[in-house]
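Reviewing the structure listed below.
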Amino acid sequence: MFDQLTTPEFLEIRNGIRRFVDEELRLIERELGLDSEDPWPQEVLRKVWRRSSELGFYSACLPTALGGKGLSILEQCALKADLAASGSALAMHVLGDLGGPPRVGNMLKYATPYHLERYFKPVIRGEKSTCFAMTEPHSGSDAQSITTSAVADGDELVINGHKHYISGAPFADFAIVMCVTDSSTTPPSITAVLVDLNLPGVTVSHEYVPMSGQHIDADIKFENVRVPKENIFGGEGRGFQLGMSRINVNRLLHCPTMLGLATKVYQASLEYAGTRRQFGGPIARFQAIQHMLADMATTLWACESMIAQTAALADAGADLRMKAAACKLFVSERCFEVADKAVQIHGNVGVTKGHPVEQAFRKLRMFRIFTGTSEIQRNTIARAILEPAQEKA
Ligand SMILES: Cc1cc2nc3c(=O)[nH]c(=O)nc-3n(C[C@H](O)[C@H](O)[C@H](O)COP(=O)(O)OP(=O)(O)OC[C@H]3O[C@@H](n4cnc5c(N)ncnc54)[C@H](O)[C@@H]3O)c2cc1C
């Protein structure tokens with residue numbers, strides 16, 4: 001469990017991050033008067049990435065050879081849970097969750113020296129930001145149905161298409177774009193291409209706001225966008241495998257964020273139950289309220305245990321497909337229940353727009369959709385548990 005991570009090196013990072021959030025990030029938030037539902041100026045975010053990089057946090061998830069601290073997945077989970085529980089609007093930028101090193105970390109092995117110098121090292125240093133663009137308006141869960149195309153023309157590729165709901169796109173410098181490079185096969189051949197987002201023909205627009213209220217997702221349109229063929233990443237026709245290779249760890253790494261959010265609303269509920277008085281005393285003396293708190297505490301413990309165990313398996317190099325899907329399914333559905341109970345305990349305060357409990361309720365609901373919906377996780381789990389039985393039959 002996270003509190004059992006007690007090596008001096010890890011505690012130094014964990015405490016350092018807490019200080020960075022409390023002493024620097026909250027100050028910026030107060031000075032600018034912005035919270036997680038405001039659009040943040042790009043230059044402020046860039047300063048935060050660079051400062052976090054200076055302090056050694058931004059790329060902490062990467063191996064030491066790449067300038068990181070070689071944190072284990074378990075250690076990353078503990079830090080991400082802390083950051084989500086901090087309630088800081090800038091917390092997600094400390095480890096570069098949106099467009100920084102965690103986005104590229106487990107794909108660096110596919111990078112050529114040109115990719116590293118031009119794209120990935122600047123990301124590691126906090127100078128550039130990226131995003132991963134697979135989904136399209138007509139292609140969600142069925143990711144192989146994308147139609148964005150990259151057609152060879154001499155030494156270049158010409159890209160046309162529309163990517164939808166891409167996290168980090170509003171402030172990304174380049175995107176890792178999944179493109180069809182051969183539509184004559186079934187499924188089509190999909191290739192990852194690195195595309196600078198300031199090129200002629202690229203439009204980034206974010207006319208919608210998800211229920212979390214955050215301004216961190218956008219659509220990217222490509223109209224005859226030309227990039228050199230060297231920008232093919234991971235090999236032609238290897239894009240889908242590349243996307244899938246990062247998805248299991250990504251699913252797992254979303255879980256501590258949900259846990260952190262749910263922990264924060266649980267703690268708020270404990271405090272509220274002790275101070276809110278009805279019928280002549282605190283509502284915490286009603287068994288109905290006690291049972292909700294007891295269920296919340298039990299759920300949080302189960303979620304932390306499951307995350308810690310899945311992370312330990314990831315660190316041991318185990319096949320995570322089924323376990324990461326099960327972890328994301330369980331943690332997203334249960335943490336949303338925790339938020340639902342927190343709203344209930346807070347009564348009218350909990351349904352008031354902008355209250356931290358109401359905000360967490362909306363944020364937690366979204367985790368059941370992205371990085372694979374709950375139904376897609378169940379499909380993955382069902383395949384894993386039924387395949388061996390079907391093979392025997
Ligand atoms: C906030 C947010 C951030 C995102 N960030 C990114 C990003 O950075 N990059 C990116 O590429 N994409 C991103 N996405 C897109 C996300 O991955 C998709 O929304 C997700 O894969 C689901 O696709 P969909 O929304 O089109 O739903 P659909 O696939 O249309 O599904 C609709 C419903 O049908 C169900 N369904 C579909 N297929 C099956 C099936 N085979 N079996 C059972 N049920 C099924 C779904 O579970 C769901 O309930 C993001 C989405 C959101 C909301």
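The values are calculated or read from the model by the stated rules, or taken from the named source; none is laboratory data. Just so it is clear, the structure is predicted and the values come from calculations on it, not from any experiment. Positions of Cβ are backbone-derived with ideal geometry, glycine not excepted, and every protein chain shown enters the neighbour counts.
Tell me yes or no: at least one residue of the stretch 238-245 is crowded, with 23+ Cβ neighbours inside 10 Å and not in a strand (DSSP E or B). Yes, the stretch 238-245 contains at least one residue that is crowded, with 23+ Cβ neighbours inside 10 Å and not in a strand (DSSP E or B). Close contacts from the stretch 369-385, counting a first residue that is within 24 Å of Ser212 (Cα to Cα) and a second that is more than 6 Å from the ligand (Cβ to nearest atom), with Cβ to Cβ under 6 Å and a gap of 6+ residues or different chains, come to Thr371/Asn250; Thr371/Arg251; Thr371/His254; Ser374/Leu329; Ser374/Arg368; Gln377/Ala325; Gln377/Lys328; Gln377/Leu329.
Going by the structure shown, is Leu364 within 16 Å of the ligand (Cβ to nearest atom) and either outside the structural domain of Ser245 (by TED's automatic domain parsing) or in contact with a Cys (Cβ under 7 Å, 6 or more places away or on another chain) (or both)? Yes.
The residue list Leu34, Leu11 contains one member that is part of a helix (DSSP H, G or I), without any contact (Cβ under 8 Å) to a residue 60 or more places away in the chain and out of contact with any helix residue (DSSP H, G or I) (no Cβ under 7 Å at 6 or more places or on another chain), which is Leu11.
The set of residues from the stretch 55-77 being in contact (Cβ under 8 Å) with a residue 24 or more places away in the chain and part of a helix (DSSP H, G or I) comprises Leu66, Ile73, Leu74, Glu75, Gln76, Cys77. In the stretch 345-356, the count of residues that are farther than 21 Å from His291 by Cα and crowded, with 16+ Cβ neighbours inside 10 Å is one or more.
Which of the residues spanning the stretch 216-239 are under 25 Å from the mean Cα position of the chain (by Cα), away from the ligand (no atom under 12 Å from the Cβ) and among the hydrophobic types (A, V, I, L, M, F, W, C)? Correct list: Phe222, Ile232, Phe233. Condition check for Glu29 on (1) at pLDDT 95 or above; (2) touching a helix residue (DSSP H, G or I) at 6+ places or on another chain (Cβ under 8 Å): one failure, at (2). Lys341 falls short of the stated requirement of being outside any helix (DSSP H, G or I), of a type in the set (Lys, Arg) and under 24 Å from Ile283 (Cβ atoms).
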